[in-house]
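I have placed the structure first, in the form of C-alpha cells, so that the comments after it can refer back to it.
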Amino acid sequence: MIKMNTKNLLVFFFALASILLVANNFVSAGASELVTINDVKIDDVFASGNEVAVVAGETITVKVFFTALQSASDVKLKLELEGAKVSEEAVTAPFTIEREKKYSKTLTLTIPYELQDEVSDELTLDIKVWNGDFRTEDNKISLNVQRPSYNAAIMSIDSAQSVEAGKVLPVDVVLKNTGYNRLDDVFVTVKIGALGLERSSYFGDLVAIESKNNDDTVTKRFLIELPSNAKAGAYTLEVKASNNDFSVSQSKQIAVKNEFSSSAVVADIKKSASVGSETEFELVIANPTDKLRVFRIVTESNGDLTTGSSAQLVSVPAGQTKTIAVTAKPHSKGDYTFDVSIFAGEELVDSVKLGVLAEGRSANSGSIVALTIILVIIFLVLLGALIALMKKKPEQSEEFGESYY
C-alpha cells in the first residue's frame with residue numbers, strides 16, 4: 001500500500017513537472033516574438049482579408065505595419081515570394097525598435113513568371129522580422145498572380161554566330177504569347193542597324209493558351225543578306241515583336257568576316273603632275289561575292305582638274321579582281337583631291353579619295369617656250385646682220401678719160 005502511494009506520488013510529481021515545462025515553453029515562445037504585424041499593404045491595397053491580384057513580371061511595393069513587442073537592435077525585415085521554380089526575396093537594412101512603438105517598412109519585389117498552361121495562379125508571400133534573440137514569422141499571404149493583359153516573349157533567336165560578308169544569314173525567331181488575352185496582327189522585325197539592314201514579317205494572331213486548333217507559339221525564318229563591303233567586326237542583331245497592344249525586343253551579337261572589306265584598292269592615293277599633263281592611278285576592283293557583278297565607275301571633276309577612267313562599266317567574275325586606270329589632268333598649279341565612286345546598280349559599294357599635286361608647267365609648254373626663245377634669237381641675229389649690211393656703203397671708183405686739146 002505504501003509502495004502504491006509512493007508510485008502514485010512519483011507519477012503526480014512527474015506530470016506536474018511536465019505541465020510546468022510545457023507552460024514554460026509557451027511562455028518562452030510568447031516572449032520570443034519580436035513584433036506583432038498589424039497589416040500589409042501591396043501597391044496601395046491592404047492584404048488583410050483580401051486576395052491581392054498582381055501581374056507576373058511586374059514589380060510590387062510591399063509596406064508592412066507592425067508593433068514592437070521588445071526593445072531590440074539589429075532587427076531586419078525580410079519578404080519572400082515562394083514560387084515553384086523561382087523565389088524572390090528582399091531584406092531591409094538593420095534597424096532598432098522600442099517596445100510598444102509602431103513601425104512600418106517598405107520593400108519592392110518582382111513577381112516571378114511561372115505561369116505555363118494557365119492565365120493565373122496563386123503565390124505565397126512570407127514575412128519575417130528577426131534579430132539574434134527574437135523572431136516573428138507572419139502567416140503566409142496569398143497572392144493571385146495573373147498574366148499581363150497583352151504580352152509576348154521572344155523564346156529564341158537562332159542564327160550562326162559568324163557570317164561572311166556578301167552571304168545570306170538565316171535567322172529563326174520563336175515567339176510565344178505570354179499574355180492573358182489573344183494577340184492580333186503581330187509583326188516581327190529583324191535588323192542590323194549598323195549595316196542598315198531590316199526585314200519584317202507578319203506572324204498573324206497568337207492565342208493566349210495553346211489549344212488543339214490554335215498555337216500560342218509561332219516560328220519563322222528571316223533571310224538577311226549582308227553587303228559585300230561590310231567591315232569585319234561584331235554587330236548587334238535586334239529582333240522586335242509588336243502590335244497595337246504590346247512591344248518587346250531582344251538582341252544578340254554576331255561576327256561578320258570579310259577578307260575584302262573594300263571593293264576598291266589603289267596603291268598610290270596621291271601623285272604629282274605638271275600643269276597641263278596627265279597622271280594615272282591603278283585602281284583594283286574586287287568582287288568578294290559568289291556571283292558576277294558589274295560595277296559603274298564615276299570620277300569627280302571640276303574646273304581645275306579633269307578626271308576620267310579607262311572603263312566606266314567593269315564586269316568582275318565571282319571572287320576575282322580587275323584593274324583599271326584612273327586619270328587626272330590639272331589645269332592650274334595647286335593641291336587637288338577627287339573621289340572615285342564604285343556603284344553596283346544604284347548601290348554605292350565603295351569610294352576612294354585620290355590626290356594630285358600640280359607643280360610648274362608641263363614639259364610640252366617648256367619646249368614651246370624654249371623653241372620660241374631660239375627663234376627670237378635667230379630672228380634678232382638675222383635682223384642685226386641685215387642692218388649692218390644696209391649701213392655699209394660701196395666705194396666709188398674714179399674714172400680717168402683722155403682729154404684733147
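Key figures
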read-out	value
Enumeration of residues in the range 167-185 that are part of a strand (DSSP E or B) and surrounded by 14 or more Cβ atoms within 10 Å (Cβ to Cβ)	LEU169, VAL171, VAL173, VAL174, LEU175, LYS176, ASN177, LEU183
Which listed residue, of PHE295, PHE246, PHE222, PHE203, is under 30 Å from TYR336 (Cα atoms) and either modelled with pLDDT of 90 or more or among the hydroxyl-bearing types (Ser, Thr, Tyr) (or both)	PHE295
Residues that are out of contact with any Phe, Trp or Tyr (no Cβ under 6 Å at 6 or more places or on another chain), in a strand (DSSP E or B) and of a type in the set (A, V, I, L, M), drawn from the range 220-255	LEU223, ILE224, ALA234, LEU237, VAL239, ALA241, VAL248, ALA255
Residue under evaluation SER367, criteria (1) small (Gly, Ala, Ser); (2) modelled with pLDDT under 85; (3) closer than 18 Å to ALA165 by Cβ; (4) loosely packed, with under 12 Cβ neighbours inside 10 Å, criterion not met	(3)
Residue list for the range 56-66, filter: assigned to a strand (DSSP E or B) and either surrounded by fewer than 18 Cβ atoms within 10 Å (Cβ to Cβ) or in contact with a helix residue (DSSP H, G or I) (Cβ under 9 Å, 6 or more places away or on another chain) (or both)	THR59, THR61, LYS63, PHE65
Every residue from the range 374-405 that is hydroxyl-bearing (Ser, Thr, Tyr) and at pLDDT 65 or above	none
Residue tally, condition closer than 16 Å to VAL294 by Cα and loosely packed, with under 15 Cβ neighbours inside 10 Å, over the range 322-362	5
Filtered residue count, the range 223-262, keeping only those that are among the aromatic types (Phe, Trp, Tyr) and more than 14 Å from LEU195 (Cβ to Cβ)	2
Only listed residue being more than 27 Å from SER228 (Cα to Cα), in contact (Cβ under 8 Å) with a residue 60 or more places away in the chain and outside any loop (DSSP other than H, G, I, E, B), chosen from VAL352, VAL356, VAL340	VAL356
Criterion (in the same structural domain as SER341 (by TED's automatic domain parsing), modelled with pLDDT under 95, over 28 Å from GLU164 (Cα atoms) and part of a loop (DSSP other than H, G, I, E, B)) met by exactly one of SER272, SER277	SER277
Test: residue in the range 151-166 that is assigned to a loop (DSSP other than H, G, I, E, B) and under 25 Å from GLU58 (Cβ atoms)	yes
Tally, over the range 334-357, of residues that are at pLDDT 85 or above and either assigned by TED's automatic domain parsing to the domain that holds ALA165 or out of contact with any strand residue (DSSP E or B) (no Cβ under 7 Å at 6 or more places or on another chain) (or both)	2
Selection status of ALA84, in a strand (DSSP E or B), over 30 Å from ALA286 (Cβ atoms) and without any contact (Cβ under 8 Å) to a residue 40 or more places away in the chain	no
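Per-residue answers, yes or no, for (1) surrounded by 14 or more Cβ atoms within 10 Å (Cβ to Cβ); (2) of a type in the set (Gly, Ala, Ser); (3) under 23 Å from the mean Cα position of the chain (by Cα); (4) at pLDDT 90 or above:
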{"site": "GLN116", "(1), (2), (3), (4)": "no, no, no, no"}
{"site": "ASP121", "(1), (2), (3), (4)": "yes, no, no, no"}
{"site": "TRP130", "(1), (2), (3), (4)": "yes, no, no, yes"}
{"site": "SER142", "(1), (2), (3), (4)": "no, yes, no, no"}
{"site": "TYR150", "(1), (2), (3), (4)": "yes, no, no, yes"}
{"site": "ALA153", "(1), (2), (3), (4)": "yes, yes, yes, yes"}
{"site": "GLN161", "(1), (2), (3), (4)": "no, no, yes, yes"}
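Yes or no, residue by residue, for (1) in contact with a Lys or Arg (Cβ under 7 Å, 6 or more places away or on another chain); (2) among the polar types (S, T, N, Q); (3) in contact (Cβ under 8 Å) with a residue 24 or more places away in the chain:
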{"residue": "LYS102", "(1), (2), (3)": "no, no, yes"}
{"residue": "LYS105", "(1), (2), (3)": "no, no, yes"}
{"residue": "LEU109", "(1), (2), (3)": "no, no, yes"}
{"residue": "GLU114", "(1), (2), (3)": "yes, no, yes"}
{"residue": "GLY132", "(1), (2), (3)": "no, no, yes"}
{"residue": "SER142", "(1), (2), (3)": "no, yes, yes"}
{"residue": "SER149", "(1), (2), (3)": "no, yes, yes"}
{"residue": "ALA152", "(1), (2), (3)": "yes, no, yes"}
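Yes/no matrix, rows are residues, columns are (1) over 30 Å from ALA318 (Cβ atoms); (2) outside the structural domain of ALA165 (by TED's automatic domain parsing); (3) touching a Lys or Arg at 6+ places or on another chain (Cβ under 6 Å):
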| residue | (1), (2), (3) |
| --- | --- |
| ARG199 | no, no, no |
| GLY204 | yes, no, no |
| PHE222 | no, no, yes |
| SER228 | no, no, no |
| ASN243 | yes, no, no |
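The values are calculated or read from the model by the stated rules, or taken from the named source; none is laboratory data. Nothing here was measured: the structure is a model prediction, and the numbers come from that model. For neighbour counting, all protein chains shown are included, and Cβ atoms are generated from backbone atoms with ideal geometry for every residue, glycine included.
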